[in-house]
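Since the structure comes first, as structure tokens, the remarks are kept for the end.
The values are calculated or read from the model by the stated rules, or taken from the named source; none is laboratory data. Since the structure is predicted, the reported quantities are computational estimates derived from the model, not experimental observations. Cβ placement follows ideal geometry from the backbone for every residue including glycine, while neighbour counts extend to all protein chains displayed.
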Amino acid sequence: MKKLALLLPILAVFVSGCTIPGLDWIFPGAGVTYEGSIDVIVINSLNPIPAAISAGQSTTIYADVQNLQEPGKEPIDIEVELYDYCENLFELEGDAKFSNERMLPQQVKTFKWKLVAEKDINLKTTCVMKVRVIYPYKTDVVTQITLMDKDELESRIRRGENWRITPAAPTVGEGPVKPHLIIEDQQPISVDPMTEDTARISMQIKNVGSGFLSGTGKIDPNKIEIEPLPSGLDWKTGEYCNLPFKDEKNGVELIKKESAKKYCEILPSPVEIQKTYTLKGWVEYTYEFRKPTNVIVSSG
């Protein structure tokens with residue numbers, strides 16, 4: 001963990017009731033910025049036509065599915081399926097599942113299923129039919145870490161400069177599952193060439209979409225990665241954090257839509273005055289969401 005001995009006298013000044021001009025620039029206060037759409041695949045509308053039929057008649061379920069990706073992104077292959085459609089009351093004409101349906105960014109596709117009600121229905125019945133959509137996705141994250149030479153930092157504090165460094169907020173790309181790559185220490189990180197000061201970072205995965213992780217409900221730990229550090233930064237001796245969740249061999253589970261936080265320490269090289277580095281990471285997963293619609297069947 002970062003050791004900032006130079007902050008001790010500053011804290012003593014705070015206790016005595018005084019403040020130092022320009023001190024607040026040490027503290028980040030940056031949130032997280034989300035870019036693009038959260039749910040990149042959505043069902044714009046899901047309607048049976050007609051919505052009310054008599055025994056022996058047919059209805060068709062129409063699902064308008066849209067890819068909300070920004071133009072220029074790679075297309076997505078999705079799976080759309082009608083399920084739990086009261087099989088004892090209806091006969092489905094054709095397949096319930098559409099697989100490997102390629103969708104371009106901003107494209108809208110209509111999927112439809114024709115169902116015929118049984119003839120021997122004697123009471124009015126409402127059937128809640130469901131459609132689910134499954135798709136793979138990869139969400140990226142970038143964040144910045146600012147280093148400053150220890151003597152330079154102390155000098156600026158002594159001069160009382162009203163000069164601020166506000167670290168750029170981590171930026172997370174589009175997609176419903178978000179990797180949060182956070183610099184946990186106050187920035188800028190003081191670097192003393194005579195010691196091995198470190199900076200602490202964390203990675204956490206959050207589901208902010210309207211669905212859930214498909215299949216087992218877990219993420220392959222090999223599909224959550226921090227890209228190799230840029231020259232001038234190294235992992236602390238004995239640590240290899242490019243795969244921060246590598247110890248969760250049975251998969252990364254999101255409890256209440258969040259993973260545990262994984263921490264690592266970075267060992268920076270000495271800098272002249274100040275230097276900012278960009279760190280990158282990503283998570284790859286398969287996502288699923290569902291939507292219901294009602295069909296009413298009356299006796300013939």
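Only one of (1) in a loop (DSSP other than H, G, I, E, B); (2) touching a residue at least 40 places away in the same chain (Cβ under 8 Å); (3) closer than 16 Å to Ile201 by Cα fails for Val271. Which number is that? Single failed check for Val271: (3). Of the strands (runs of 3 or more DSSP E) entirely within the stretch 49-140, those holding at least 3 residues that are of a type outside the set (Ser, Thr, Tyr) occupy 58-67, 76-83, 90-93, 97-103, 108-117. In the stretch 128-148, the qualifying residues are those that are over 24 Å from Glu284 (Cα atoms) and at pLDDT 95 or above, and the one that is surrounded by the fewest Cβ atoms within 10 Å (Cβ to Cβ) is Val128. Go through the stretch 265-299 residue by residue and tally those that are of a type in the set (Val, Ile, Thr), surrounded by fewer than 16 Cβ atoms within 10 Å (Cβ to Cβ) and either over 30 Å from Glu152 (Cα atoms) or out of contact with any Asp or Glu (no Cβ under 7 Å at 6 or more places or on another chain) (or both). Count: 3. Among the residues of the stretch 230-260, the ones that are touching a strand residue (DSSP E or B) at 6+ places or on another chain (Cβ under 7 Å) and of a type outside the set (S, T, N, Q) come to 17 in all.
Listed here are the residues, each with its yes/no results for (1) in contact (Cβ under 8 Å) with a residue 60 or more places away in the chain; (2) aromatic (Phe, Trp, Tyr); (3) within 18 Å of Thr293 (Cβ to Cβ).
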site: Tyr34; (1), (2), (3): yes, yes, no
site: Ala63; (1), (2), (3): yes, no, yes
site: Glu70; (1), (2), (3): yes, no, no
site: Pro75; (1), (2), (3): no, no, no
site: Tyr85; (1), (2), (3): no, yes, yes
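The set of residues in the stretch 248-300 being under 27 Å from the mean Cα position of the chain (by Cα) and basic (Lys, Arg) consists of Lys249, Lys256, Lys257, Lys261, Lys262, Lys280, Arg290, Lys291. If we scan the stretch 196-204, do we find a residue that is in a loop (DSSP other than H, G, I, E, B), free of Cβ contacts under 8 Å to residues at least 24 places away in the same chain and more than 22 Å from the chain's Cα centre (by Cα)? No, there is no match, as no residue in the stretch 196-204 is in a loop (DSSP other than H, G, I, E, B), free of Cβ contacts under 8 Å to residues at least 24 places away in the same chain and more than 22 Å from the chain's Cα centre (by Cα). The residue that is farthest from Trp282 (Cα to Cα), counting only those in the stretch 94-127 that are of a type in the set (S, T, N, Q) and loosely packed, with under 13 Cβ neighbours inside 10 Å, is Asn122.
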